[in-house]
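Following: one structure in structure tokens, then a few remarks.
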Amino acid sequence: MSETPSITHGGVLERPPRRRLPWQTALKRLLGAIAVMWAAATIAFFLQEISPGDPALSVLGGSGARPSQQQIDAVNEQYGFNRPVLDRYAEFVGDLAQGDLGVSYQYKQPVTDVITEQVGPTMVLMTVSILFAWIIAVASTLISAGHGRLRSSVGSGLETFFAGLPQYWLGLVLLVVFAFELGWFPVTGGTSLDALILPALTLALPLAGFIGQVTRDEFERGLRQPFALSARARGVSEKEVRWRHVLRHALLPGITLSGWAVGATISGAVIVEVIFARPGLGRILVDAVSAQDLPVVVGITLLLAAVYVVVNLLVDLLYVIVDPRMRSSMAVA
């Protein structure tokens, strides 16, 4: 059965939007994920290529090992460092397509083993940080938004202040005050719960400022929307209007920011893991870049790209859960 034309405001006949089949949507998302990961790996490869230093020296333990020229030539031949860059790139992409991340120049073990040993603490730090950020942002919104100009201004000012805090400065302040002075938390890094609080807050507070700002704006706008006025007219309590109706509507911009938040927490984790001497991918990545350990750099880059892709897919799913009306718009081509 053919689609029935619809009439626009200008009186021009046009067909309604074509809806994409589920398998078409899934295929588009899959191709997009592959493209993102290929681009991330390619950028990492060529950035390492143009960076100063000799990768053969990295394999041999650095310039401090004082390898002979014969040893350097042998490593160049073994790893193909003396081959044209495009040939090495083609081999690099072929190995990645087969799931082979190679062997670390620095650690002399498979990259998958290096990443597996360090991925847990970083993922825990990222998850707890984003959870803390959401708790702080939602609490700030519910406590201050729509409760008078003074309280709303204080809440908005605190969110702006948190959003502008540099993570390296905030981490040092939290470390000095709560670890050195008050002794509430351990000074050195670790994987225990108490050692996680300060690093997570270092990442969460600036992020909470950003999420809180967009959530507050949408929340205060939602309080004046017809659906909120209609709920009040039906006798729904103000508390239920705020929690059940307006808050759900106000979460959508913050959910969008959560996809960006993953990238922000990944980059921030590099700083935080160094400040708090925590194990994790951040410190391994810094060491790998310094040592020109390309397999480790690419492996971590691909993992973080995969996490970013998965989180954005989850963001789309949360859109549908929070606001079921998004299903129809996501299905349109």
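The values are calculated or read from the model by the stated rules, or taken from the named source; none is laboratory data. Predicted model only: the values in this text are computed from it and were never measured. Counting neighbours? That spans all protein chains shown, and the Cβs are built from the backbone with ideal geometry, glycine included.
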Please list, ordered by residue number, the helices (runs of 4 or more DSSP H) wholly in region 164-263 having 2 or more residues that are within 23 Å of the chain's Cα centre (by Cα) and buried (at least 19 other Cβ atoms within 10 Å of the Cβ).
167-174, 193-222
Ala306 is checked against (1) crowded, with 21+ Cβ neighbours inside 10 Å; (2) within 17 Å of the chain's Cα centre (by Cα); (3) under 23 Å from Leu47 (Cα atoms) and fails just one. What number does that condition carry?
(1)
One residue from Pro52, Pro67 being surrounded by fewer than 14 Cβ atoms within 10 Å (Cβ to Cβ), in a loop (DSSP other than H, G, I, E, B) and not assigned by TED's automatic domain parsing to the domain that holds Leu247:
Pro52
Considering only region 212-223, I want to know if a residue exists there that is among the small types (Gly, Ala, Ser), closer than 18 Å to Ser152 by Cα and without any contact (Cβ under 8 Å) to a residue 60 or more places away in the chain.
yes
So Val93, is it surrounded by 11 or more Cβ atoms within 10 Å (Cβ to Cβ), in contact with a strand residue (DSSP E or B) (Cβ under 9 Å, 6 or more places away or on another chain), within 26 Å of Leu304 (Cβ to Cβ) and modelled with pLDDT of 80 or more:
no
Would you please list the contacts, defined by Cβ atoms under 6 Å and residues six or more apart or on different chains, that run from a residue in region 152-164 that is closer than 15 Å to Phe219 by Cβ to a residue that is surrounded by 17 or more Cβ atoms within 10 Å (Cβ to Cβ)?
Ser152/Ser144; Ser152/Ala145; Gly155/Ser140; Gly155/Ser144; Glu159/Gly209; Glu159/Gly212; Glu159/Gln213
Can you find a residue in region 97-110 that is assigned to a helix (DSSP H, G or I) and surrounded by 15 or more Cβ atoms within 10 Å (Cβ to Cβ)?
no
Report whether or not Ile135 is at pLDDT 80 or above and assigned to a helix (DSSP H, G or I).
yes
